[in-house]
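Here's the structure, in structure tokens; my notes come after.
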Amino acid sequence: MTIFKQPSTDKSELEADGEFTPRFDSNGLITAIVTDAHDGVLLMVAHMNAEALSLTLETRTAHYFSRSRSKIWKKGETSGNLQTVVEIRTDCDQDALLLKVEVGGHAATCHTGRRSCFYRTVEIENGKPVVRIVDDHKHFDPQDVYGH
């Protein structure tokens, strides 16, 4: 059972104040962009299903849906880097979310031990795209935390 009603087809209703009616995609997911509540740094992009979104709204702790594991996960449950939700915004179509969070523990969001999952740039070198690490500071050793 979901707490969310079907989204309105009336654009003016969808874009106004009122009931939150998130538009999940054909897989039952909505994209969540996650930033640091204090400095706005982009930390990660994830997906939520209705259950993960409901848990997040109820607990103010970020929950996501892992597409690779097909299950709900409470962000930071293993690492101790829980994300406390300060604010949730939705876009004009209600098909994407912005979560502003405070990160506990080591203040790292990425499973690689870095603060942000966006620690690389994409550049063209010799006519081919390559990635370059621009943030190699690790707040924890993933081997110690996850054991893999």
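Read-outs: derived from the displayed coordinates by stated rules, not from any lab. Small disclaimer: the values here were computed from a predicted structure and weren't measured. Cβ coordinates were reconstructed from backbone atoms using ideal geometry, including for glycine residues, and neighbour counts include every protein chain displayed.
Peptides 6-16, 109-119 ranked from most to least packed by the mean count of surrounding Cβ atoms within 10 Å: 109-119, 6-16. Cross-link partners of residue 100 among aspartates and glutamates, defined as those whose alpha carbon lies under 16 angstrom from its own and excluding same-chain residues fewer than eight positions apart: 36, 39, 58, 87, 91. Estimated from helices alone, the mean residue ellipticity of the chain at 222 nm is -3000 deg cm²/dmol (sum of -39500 (n - 2.57) over DSSP H runs with n ≥ 4, per residue). Distance from the C-alpha centroid of segment 25-64 to that of segment 95-112: 9 Å, rounded to the whole angstrom. Panel note: the C-alpha atoms of the chain, placed on their principal axes, show extents of 47, 40, 31 Å (largest first). Stretching residue 118 away from residue 31 to a fully extended chain increases their span by 29.7 nm, per 0.36 nm per residue minus the current alpha-carbon distance.
Taken about its Cα centre, segment 36-148 carries a charge dipole of about 300 debye when Lys and Arg each add +1 at the Cβ and Asp and Glu each add -1 at the Cβ. Protection proxy ranking, highest mean first, for peptides 76-89, 58-71: 76-89, 58-71, where packing is the per-residue count of other beta-carbon atoms within 10 Å, averaged.
Taking a straight line from the alpha carbon of residue 138, these lysines sit under 20 Å away, with near neighbours fewer than eight places off in the same chain left out: 75. For segment 30-146, the relative contact order is 22 percent, taking Cα pairs closer than 8 Å that sit 6 or more residues apart in sequence and dividing their mean separation by the residue count.
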